[in-house]
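The values are calculated or read from the model by the stated rules, or taken from the named source; none is laboratory data. This structure is a prediction, so every number in the text was calculated from the model and none was measured. When we count neighbours, we look across all protein chains shown, and the Cβ atoms used for this are built from the backbone with ideal geometry, even at glycine. Heavy atoms of the whole protein, side chains included, go into the accessibility calculation; ligands, DNA and RNA do not. Shrake-Rupley method; radii C 1.70, N 1.55, O 1.52, S 1.80 Å.
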Number of protein chains: 2
Amino acid sequence: VTEDDLIAKLQAITSRAAPNALLVGIGDDAAVWQPSRSHRSVITTDALIEGVHFTRQSMSAADAGHRALASNLSDIAAMGAKPVLATIAFGVGPAADEAWILDCYRGIAALAERARCAIAGGDIVRAPAITISITIVGEVRASNLKTRTGMLPGDTIAVTGPLGASRAGLTVATERPELAAGPAAAAALRAFRTPEPRLAEGRWLAASRNVRAMMDTSDGLSTDLARLARASNVGATIEAIPVAECARALAPAAGRDAEAWALDGGEDFELLVSVAARAFTHLAGRFHARFGRPLIRVGTATAQAGLRRSDGAPVASAGWDHLRAGE
Amino acid sequence: VTEDDLIAKLQAITSRAAPNALLVGIGDDAAVWQPSRSHRSVITTDALIEGVHFTRQSMSAADAGHRALASNLSDIAAMGAKPVLATIAFGVGPAADEAWILDCYRGIAALAERARCAIAGGDIVRAPAITISITIVGEVRASNLKTRTGMLPGDTIAVTGPLGASRAGLTVATERPELAAGPAAAAALRAFRTPEPRLAEGRWLAASRNVRAMMDTSDGLSTDLARLARASNVGATIEAIPVAECARALAPAAGRDAEAWALDGGEDFELLVSVAARAFTHLAGRFHARFGRPLIRVGTATAQAGLRRSDGAPVASAGWDHLRAGE
């Protein structure tokens with residue numbers, strides 16, 4: 001297969017994903033679009049590497065594609081934005097034959113279509129391992145933009161879902177395949193392989209002035225909440241760790257601590273928000289009514305820097321660090 | 001070194017590169033900017049992989065960074081656009097220590113600053129080889145946008161500079177180090193390691209209505225001109241191949257054909273344009289006066305599909321194909 005042949009096949013797979021936003025798509029030196037005049041543009045990039053984030057054994061090609069796009073969409077959601085378009089730099093490793101690449105793009109395209117995100121272009125190169133680098137451009141009303149710097153002491157800290165399921169799924173997929181039967185394992189593997197970015201939730205939360213800061217939980221609550229607090233020049237107390245049911249069910253058999261999975265595991269791609277305390281109960285009630293799931297309180301922002309438990313014990317940022325991992 | 005520490009150092013290195021375009025830069029879930037209301041936005045992505053595009057022996061860290069950004073800026077130039085911002089997904093291979101990474105970002109930042117392109121964010125991940133995936137967003141007036149589809153039969157085809165120097169430099173750097181002394185080798189190595197994207201030339205050419213189509217020569221004239229002609233539903237005759245002086249000087253000692261380097265070599269990052277024939281002489285004169293270099297005629301667009309020499313002999317697209325290369 002030649003590069004031009006493959007690009008033509010990929011173009012066919014990805015062309016259904018919201019082509020209307022694009023004036024020029026795949027096949028030119030660059031893609032072209034018309035940004036909305038009333039909005040700000042946002043951009044984020046994230047890479048998924050074979051042997052680091054996944055293996056051909058731990059994920060199907062379509063799941064790897066889904067996962068690569070989902071982590072980027074989660075960053076777009078965390079800004080309160082909606083996606084517009086994505087570009088994909090695809091490194092063809094020795095383990096990626098044409099069928100694998102096409103299935104991977106099908107996984108990307110299926111999620112992109114649901115998220116109304118056009119696939120605008122990309123680059124195909126040889127690489128020593130499969131490398132999926134995705135960049136997404138999104139748009140947000142200036143008044144809805146949520147950064148990491150707005151958290152104030154006294155704010156209620158909450159997440160859009162329980163944590164630890166993705167790490168439980170990683171453990172089942174890579175270390176304990178004998179635990180893979182049953183509904184808890186299925187839920188955990190789904191969370192690990194095909195996480196659902198909280199796009200609708202992010203846009204809804206961003207529209208509230210009482211939501212003062214937002215980010216996504218990609219590297220673990222203990223790491224991400226510390227980053228959020230530091231960016232806002234505050235600290236935080238963790239009062240309750242919401243553990244996903246499937247993580248709680250699987251941890252004993254795996255010889256692990258479900259709460260540690262939830263605190264440090266990462267890749268859950270839930271949104272982490274800081275909400276004006278007096279508004280939290282009302283906002284959480286409306287969130288539940290709108291999405292059928294609770295907005296779960298995890299703690300309180302503090303004037304004192306650092307991350308602590310309710311009893312004052314410090315919490316270490318033991319989540320995923322890409323440069324420490326594997327050392 | 002932790003991921004957060006490294007990101008802080010990279011932020012310091014890249015912060016001088018045109019930060020004004022950005023509302024939110026490195027350190028949040030995504031970067032935020034305000035697109036110009038009167039312009040279209042363009043986006044392109046390109047990856048540079050250790051062992052495929054470069055080795056630690058063939059390029060310094062700063063040159064690899066420059067080269068990775070330059071190939072993306074060349075695509076922006078080929079749309080007639082100016083760069084606004086870039087994101088970098090950096091895969092840390094075993095050969096990349098902290099000093100190498102920082103030097104690489106210094107190479108990126110130096111070129112970005114000259115090109116007035118902000119470094120807006122990125123992702124740092126472990127990888128089996130050094131992987132530099134860059135995405136650039138640019139802007140162009142709608143009336144100046146140049147795609148690949150506007151070439152008409154009878155158009156004059158031209159390039160912004162002679163070709164083959166980069167391939168000569170690759171040969172010296174990777175196969176024939178004994179040829180590395182002297183000014184011809186220095187020029188060839190410079191073309192290979194630190195190519196200069198034709199941003200000013202691209203914007204100037206894009207402003208002319210007589211320039212009907214434009215792309216950059218990244219995969220070799222024989223491949224790129226065939227793509228340009230095919231996208232425009234025409235063919236082309238190659239009448240003269242402009243060979244870079246340094247390539248002509250180095251080819252005999254390397255036992256290679258300088259014209260083949262110029263035709264098939266690729267990575268010269270000159271712009272390839274299709275110009276209304278009656279306007280070419282005047283445009284080329286103004287180009288020379290403006291940039292101090294000739295706009296070099298290479299051939300003529302034809303109604304008949306395919307690529308030919310003046311004597312009718314077909315020209316094969318023997319340039320770089322990322323999926324064929326190395327097979």
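Numbers at a glance
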| read-out | value |
| --- | --- |
| Reciprocal mean inverse distance between Cα atoms of the range B:44-168 - Kirkwood radius, Å | 15.8 Å |
| Around A:Ala284: net Lys/Arg minus Asp/Glu count, Cβ-Cβ under 13 Å | +4 |
| Shielding by partners, peptide A:35-41 (average Cβ within 10 angstrom, other chains) | 5 |
| Rg(Cα)/(2.2 N^0.38 Å) for the range B:1-114, N = residue count | 1.10 |
| C-alpha long axis of helix A:3-14 to longest principal axis of chain A, angle in ° | 50 degrees |
| Degrees between helix B:98-114 axis and first principal axis of chain B (Cα, 0 to 90, nearest 10) | 50 degrees |
| Longest DSSP-loop-exposure-free segment, trypsin sites (Lys or Arg not before Pro), chain A, at most 10 other Cβ within 10 Å | A:38-208 |
| Length added when fully stretched, B:Gln57-B:Leu23, from 0.36 nm per residue minus Cα-Cα | 8.4 nm |
| Simple Cβ-charge dipole of the range A:95-206, Lys/Arg +1 and Asp/Glu -1, about Cα centre, in debye nearest 20 | 360 debye |
| Hull volume in cubic angstrom per residue (convex hull over the Cα atoms of chain B) | 138 Å³ |
| Rg over Rh [alpha-carbon atoms, Kirkwood Rh] for the range A:77-129 | 1.05 |
| Exposure ranking of A:Glu175, B:Glu139 by accessible area [1.4 Å probe, largest first] | A:Glu175, B:Glu139 |
| The range B:175-327 pair-distance distribution - Cα-Cα, 10 Å bins, rounded % | 10, 36, 36, 15, 2 |
| Antiparallel DSSP beta bridges within chain B, percent to nearest 5 | 75 percent |
| Inter-copy label distances at A:Gly306 (7 Å, Cα→Cβ; nm, one decimal) | 7.7 |
| Fraction of the pair-distance distribution of the protein assembly as shown above 44 Å, Cα-Cα pairs, percent | 22 percent |
| Reciprocal mean inverse distance between Cα atoms of the range A:240-327 - Kirkwood radius, Å | 15.5 Å |
| Whole-percent carbon and sulfur share, accessible surface of the range A:1-153, 1.4 Å | 47 percent |
| Positive-pole candidate from A:Ala62, A:Val137, A:Thr171, dipole of the range A:22-179, charges at beta carbon | A:Val137 |
| Cα-only Debye scattering, the range B:240-286: base-10 log of I(q)/I(0) at q = 0.23, 0.32 Å⁻¹ | -0.85, -1.17 |
| Other-copy label distances relative to A:Ser15, 7 angstrom Cα-Cβ extension, nm | 4.7 |
| Positive dipole terminus of chain A, leading residue within A:Ala8, A:Ala81, A:Phe280 (C-beta point charges) | A:Phe280 |
| Listed residues A:Ser310, B:Ser166, B:Ser15 arranged by accessible area, highest first, probe 1.4 Å | A:Ser310, B:Ser15, B:Ser166 |
| Qualifying lysines (Cα of each under 18 Å from Cα of B:Lys146; at least 8 residues distant if same chain) | B:Lys82 |
| Coarse-grained scattering of the range B:139-200 at q = 0.18, 0.19, 0.21 Å⁻¹, given as base-10 log I(q)/I(0) from a Debye sum over alpha-carbon atoms | -0.76, -0.79, -0.85 |
